[in-house]
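A.B. asks: First the structure, then my questions, so here it is.
The values are calculated or read from the model by the stated rules, or taken from the named source; none is laboratory data. These numbers come from a predicted model, not from an experiment. All Cβ positions, even for glycine, are placed from backbone atoms using ideal geometry, and neighbour counts span all protein chains on display. What goes into the accessible areas is simple: the full protein's heavy atoms, side chains included, and nothing from ligands, DNA or RNA. Shrake-Rupley method; radii C 1.70, N 1.55, O 1.52, S 1.80 Å.
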Amino acid sequence: MNLSGAQARQCQFFSALDYIQGKSPKTLTPSLSNTILTQRELQISFYYYQGVSQKEVAKCLHLSHRTIDNKLRGIDEKIGVHHQDKFKKYIEEIGLNQFIPHHLLASSIQLID
């Protein structure tokens, strides 16, 4: 197996604590059809859920940090939460924590349905 050119990004999808608490690894998906969030909002939510700062999210998505702040406020209004802990809980409850933006997947990664 040739792994040259392989890429990896650290994400908080599974930990030893999850295993101890009886949780299993998540299945990741690059698209979610039945959500009230747009693709851009899903991208921003992904980074925010991972604990990335608004300035870093802006840098990753080539947007201003003010745009990210405005988008996060809009996301909070759409889903009805106003605190990061409640945001994370909501994301986990409806399965949005299984979303991974397409642009983070290397072209050589194959998705298995």
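A.B. asks: Taking a 1.4 Å probe, which of Lys88, Lys55 shows the most accessible area, and what order do the others take after it? Mind dumping the intermediate values first?
C.D. replies: Details: Lys88 55, Lys55 140 Å².
Correct descending sequence by accessible area is Lys55, Lys88.
A.B. asks: Which sequence of His102, His82 reflects their accessible areas, 1.4 Å probe, from the largest down?
C.D. replies: Values: His102 120, His82 145 Å².
Result of the area sort, largest leading: His82, His102.
A.B. asks: Right, next: Report, by chain and number, residues whose modeled amide H sits under 5 Å from the one on Phe99, excluding near sequence neighbours (fewer than 5 apart, same chain).
C.D. replies: Thr29
A.B. asks: As a test question: what accessible area, to the nearest 10 Å², does Arg40 have when a 1.4 Å probe is rolled over all protein chains in place?
C.D. replies: So the heavy atoms of Arg40 present about 90 Å² to solvent.
A.B. asks: At 7 Å along Cα-to-Cβ for each site, give me the label-to-label distance between Glu77 and His102 in nm.
C.D. replies: Between Glu77 and His102, the label points sit 2.8 nm apart.
A.B. asks: Mind listing the phi-derived Karplus ³J(HN,Hα) values for the stretch 76-81, rounded to whole Hz, using 6.51, -1.76 and 1.60 with θ = phi - 60°, and x for any glycine or proline?
C.D. replies: Using θ = phi - 60°, the values come out as 4, 5, 4, 9, x, 10 Hz.
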